[in-house]
Amino acid sequence: MGRERELAFFDSLLVDDPPAQVVLVHGPGGIGKSTLLREVARRAAGRGYSTHLVEGRDLAPVPGEIESALGDVSAVAQPLILFDTYERMAAADGWLRARLLPSLPARSVVVLAGRTTPEHAWFENGWERLAVELKLEPMPPDAALSLVRAHGLTDSDLAEQLVGWADGSPLALALAADAAVRDGVAWAPHNIHEHPNLVQAILHRIAKTELDGNNLDVAAVAAIARVCDEAMLRDVLPEVDATAADTWLRERTFAEPVAGGTALHEIVRQAMRADLRSRDPERDRELRRRIADHLFLKGLRAGPRTVVDLAELVENPAIRWGFGADGSTTHRPDLWRAEDAAVAREKFLSKPSGAAWWDLTEPILEQAPERVVTVRDAHDTLCGIAIAVTPDNASPVCEQDPCLGPWIAHARAAHPGEEVLIWRDSVDFVAHGEITSPVLSILNTAAILRSGLNNLRWSYIPIDPANAAAVAFAEAVATTHLTELDCHVGEKVVQCHQIDHSDAGLLASMRAAVYGELGLGAPGPVRLGGDLEALGAAILAAEEAAAPVAPRAPVTSELVRDALRSLHQPLELAASPLARGATPEERAASVRAELEDAVTHAFGDSPDEQLLRAIVRRGYLDPDGSHELAADELHVSRATYFRRLKTASARVADYLIAKHSP
C-alpha cells in the first residue's frame with residue numbers, strides 16, 4: 001500500500017530496454033523495503049524474470065558467500081537479483097561494480113535495498129547511466145490509514161490518531177494497529193507520548209497486549225538469538241509447543257524468514273532485548289544460558305558456522321575485538337589477490353621493523369596465497385590480512401618461516417591428530433587503537449571458517465605485547481604464553497600464545513565465555529560437564545548405534561549437491577542420508593568414497609569432459625580448493641565456471657543415481 005509510484009517505476013524497468021538496471025533502494029528500518037522487493041519479484045515473475053534473492057543477514061563472514069548465494073545466475077537470460085538488508089553487505093560495493101555486475105547477462109536488473117544512502121561511486125565513471133537511487137519516503141496519510149484498516153482497525157478516530165503518531169512508518173503502523181485491535185479503546189497513541197525510538201516505544205505496548213505467557217518467552221528467545229528456529233524453541237522452552245510457537249513467530253509482522261529460521265527486524269530485536277533486560281534481567285540471563293547450550297549441541301552436529309551464532313551471545317568487548325562478525329556491515333572477507341602485494345608492503349613498511357617482517361611475509365603471500373584471508377571495505381580497499389595454517393595443510397614455505405615453522409612443529413609434536421589452527425599474522429591496516437576492531441574480528445572468524453576444521457581444539461596466536469587490545473584479548477580467553485616460541489625480528493617481538501579450547505573445542509570455549517558473563521563461571525576455556533555433556537554424548541552415541549541398520553536413502557540430486565558442499569565438514573557429511581557406517585568417521589568416509597568414485601567415472605576423456613572433472617574436483621574435492629581459486633587456476637571466468645560447475649554436479653548426481661537404482 002502507498003507505493004504506487006515506486007511500483008510503476010519498477011514496472012518500467014522490466015522491459016527489453018530499461019532506463020536503468022541497478023536500483024539503489026534505501027530508507028530507515030521498517031519503511032517497507034523488504035515488502036517492496038517481494039512485490040517486485042511477484043511482478044517480475046509474470047514477465048519471465050528469474051528472481052535471485054540474497055539476504056544480508058544470511059551471509060556468514062567467509063569468502064565467496066555472495067557468489068554461493070547467487071549460484072549460477074550468470075547462466076540465466078533474465079535474472080532479477082535482489083539484495084535485501086544490503087547495509088549488512090555494503091562492504092561489497094566495490095567488488096559488485098568491478099567484478100560481479102559486469103559479468104551478468106545483458107538483461108539483468110539488480111536491486112540493492114538497505115538503510116543507508118548509496119555512496120557516490122554508484123553515480124560516476126559511467127555507472128550513472130545504469131544506476132538510479134530510490135529513497136522510500138514515509139507512507140502518505142491516506143495509504144497509512146488504508147494500512148491500519150487492513151489490519152482490522154475500524155475505529156476511525158483511533159485510526160487517525162495512530163496515523164498521526166506513527167510518522168508514516170509501515171512497521172510501526174502495523175504493530176500499533178495489531179495492538180489496538182486486541183486492546184480496543186483502552187489503547188491509544190497518546191498513552192505512549194514519549195517515544196524517542198518509534199518502534200521501541202510501541203514494542204513496549206505490544207509486550208503488554210499481544211505477548212503474554214509463553215509467547216513473551218518465544219519473542220524473547222528470538223530477540224536474544226541471531227536466528228531462531230523450531231529446534232531452538234524446543235530446547236530452550238521445553239514447556240512450549242515448539243511447532244506452534246515457531247508458526248506464531250513466523251507470522252509476526254516484526255519477524256522475517258532467513259536461512260536457518262526466523263529473525264526479528266533488527267530495530268525490533270534491539271528494543272525487545274532492552275525491554276527484557278530492564279523488565280526481567282534474571283529471565284534474560286537464563287534464556288541466554290539455554291540458547292548457548294542449544295547452540296553448543298547444535299554445533300557438535302552442524303559444524304563450525306555455529307560459532308558465529310555463539311559469538312553473538314558474547315558481550316565482552318575484549319573477546320569481540322578478536323572474534324565475531326561485528327564489522328560485517330562495513331567490511332567483508334575475501335581472498336588474497338596478487339595486486340594486494342603493493343598495498344600490503346606499504347602498510348608493513350610503515351610499522352617498526354616492518355621491512356624485516358615483510359621480507360619474511362612476502363614468500364608466504366606469493367607461494368601459499370590459499371592460506372591468506374583478507375578483509376576489504378565498501379570501496380574494495382584492502383584493510384587487513386590474516387595468515388593461518390593447520391599442521392596438515394601447512395606448505396613448505398610456511399614450515400620454513402622462522403616464526404611459523406617452530407609453531408607448526410610444536411603443534412605436530414604436542415597435539416598429534418587434533419584440530420589445531422596456527423595464526424602467523426592477523427593485521428589490521430586501518431585501526432587507530434579502537435578496543436573493538438571489526439577488521440580483526442572478521443579476519444579471525446573467516447580464517448577459522450575457511451580452515452576446514454570442524455571444531456577447533458587448539459589455537460596458536462601471535463600477540464604483540466605493545467598492543468593493549470591484543471593483550472586484553474589474550475587475557476580474556478585465558479591463553480598460555482609459550483615463551484620458548486616467541487619470535488624476534490629486528491625490534492619486533494611476536495609472542496606465541498596458545499588457546500586451549502577444551503576437549504569439546506571452540507564451541508565449548510564460546511559457551512564458557514557466555515557462562516562467564518552470566519556469572520556461571522570465568523570467561524574463557526573451561527571443561528564442560530553435567531547433564532549437557534551427557535546429553536550430547538548420548539545423542540551422538542544413539543546416532544552411531546543406529547547408523548548400521550539405517551536403510552540407505554534414495555539418491556537424489558539434492559542429496560548429492562548437499563554432500564558435495566559438506567565434503568570437508570565431517571559431522572555434516574556423516575549426517576548425510578547417503579552415509580553408511582557405525583561411527584561418524586566411517587559414515588563421512590563412505591560419502592567421500594562415493595563422490596570420488598563418481599568424479600572418476602562420470603566424465604569422459606574429451607577436453608570438455610576433463611574440464612568438468614577438474615572443476616568439480618578442484619572446487620569441491622580438493623581440501624585446499626575453493627570455487628574462486630578453481631576459476632582462476634582453470635583460466636575461466638566466474639560466470640563460465642559456475643555454469644560448468646552446475647553441469648558437473650548434475651553429472652555426478654546422475655552417475656550416483658544410476659549406480660544405486662534398483
Quarter of Cα convex hull surface for the stretch 233-309, i.e. mean projection, nm²: 5.6 nm²
Theoretical gain in end-to-end length, V430 to R38 [0.36 nm per residue, Cα-Cα removed]: 137.3 nm
Three principal axis lengths of the stretch 580-619 [C-alpha, angstrom, descending]: 40, 17, 6
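Largest first, what is the accessible-area ranking of T390, T247 with a 1.4 Å probe?
Details: T390 10, T247 50 Å².
I get T247, T390, largest accessible area first.
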Area of V163 that stays accessible when all protein chains are in place (1.4 Å probe, Å², to 10): 20 Å²
Computed label-point distance, nm, for sites E239 and E160 using a 7 Å Cα→Cβ extension: 4.6 nm
Approximate spin-label separation T480-R47, in nm, with each point projected 7 Å along Cα-to-Cβ: 6.4 nm
Förster radius 41 Å - calculated FRET efficiency between R277 and A75, Cβ distance, rounded to 0.05: 0.25
Proximal lysine pairs, the chain, alpha carbons under 29 Å, eight or more residues apart or interchain: 5
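Once you have the Cα-Cα distance between V343 and T556, take 0.36 nm times their residue separation minus that, and quote the gain in nm to one decimal. Write out the running numbers ahead of the final one.
Numbers: separation 213, 0.36 × 213 = 76.68 nm, distance 4.71 nm.
Extra length from V343 to T556 when fully extended: 72.0 nm.
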Per residue value of the accessible surface for the stretch 329-446 (all protein chains in place, 1.4 Å probe), Å²: 39 Å²
Of all accessible heavy-atom area on the chain, the percent that carbon and sulfur account for (1.4 Å): 53 percent
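Taking a temperature of 4 °C and a viscosity of 1.567 mPa s, what whole-number D in µm²/s does Stokes-Einstein yield for the chain with Rh from Kirkwood over alpha carbon pairs? Present the calculation step by step, with values, prior to reporting the outcome.
Values: Rh = 27.1 Å.
D, rounded to a whole number, is 48 µm²/s.
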For R226, solvent-accessible area (1.4 Å; no DNA, RNA or ligand), Å²: 80 Å²
Cysteines in the chain that, by Cβ-Cβ distance, have no pairing candidate under 4.7 Å: C228, C383, C398, C496
Karplus-derived 3J(HN,Hα), 6.51/-1.76/1.60, for each residue of the stretch 277-288, Hz, glycine and proline x: 5, 7, 7, 8, x, 5, 5, 4, 5, 5, 5, 4
Cut-off under 5 Å, modelled amide H: who pairs with D425 long-range: I387
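Compute the FRET efficiency between S12 and D142 as 1/(1 + (r/R0)^6), taking r as their Cβ-Cβ distance and R0 = 25 Å, and round to the nearest 0.05.
On the way: r = 24 Å, r/R0 = 0.95.
The value I calculate is 0.60.
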Amide H partners (placed H, <5 Å) of L134, local residues excluded: L24, V25, H26
In order through the stretch 167-174: 3J(HN,Hα) via Karplus (6.51 cos²θ - 1.76 cosθ + 1.60), integer Hz, x for Gly, Pro: 6, x, 7, x, 5, 5, 4, 5
Probe 1.4 Å, all protein chains present, accessible-area order of E362, E256, E124, largest first: E124, E362, E256
Solvent-accessible surface (1.4 angstrom probe) belonging to K659, in square angstrom, nearest 10: 90 Å²
Karplus (6.51, -1.76, 1.60) ³J(HN,Hα), θ = phi - 60°, over the stretch 58-68, in Hz, Gly and Pro reported as x: 8, 7, 7, x, 8, x, x, 5, 5, 4, 5
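Where does the chain land at 222 nm, in deg cm²/dmol rounded to the nearest 500, when only DSSP H runs of n ≥ 4 count, each adding -39500 (n - 2.57), divided by all residues?
Details: 28 runs with 314 residues, N = 662.
Helices in the chain give a 222 nm mean residue ellipticity of -14500 deg cm²/dmol.
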Descending semi-axes in whole angstrom, ellipsoid equivalent of the stretch 97-156, from the Cα gyration tensor: 38, 14, 9
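Between D608 and R565, what FRET efficiency comes out of the Förster formula 1/(1 + (r/R0)^6) with R0 = 25 Å and r the beta carbon distance, rounded to 0.05? Present the calculation step by step, with values, prior to reporting the outcome.
Working: r = 24 Å, r/R0 = 0.96.
The calculated FRET efficiency here is 0.55.
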Debye intensity ratio I(q)/I(0), log10, the stretch 227-375, q values 0.09, 0.10, 0.12, 0.19 Å⁻¹ (C-alpha model): -0.47, -0.55, -0.71, -1.27
Segment E133-V489, length gained on full extension (0.36 nm per residue, minus Cα span): 123.0 nm
Computed label-point distance, nm, for sites R149 and A414 using a 7 Å Cα→Cβ extension: 7.3 nm
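The values are calculated or read from the model by the stated rules, or taken from the named source; none is laboratory data. The shown structure was predicted, so the numbers you read here are calculated from the model rather than taken from an experiment. Note: ideal-geometry Cβ built from the backbone for every residue, glycine included; neighbour counts use all protein chains shown. SASA here: full protein model, heavy atoms, side chains in, ligands and nucleic acids out. Shrake-Rupley method; radii C 1.70, N 1.55, O 1.52, S 1.80 Å.
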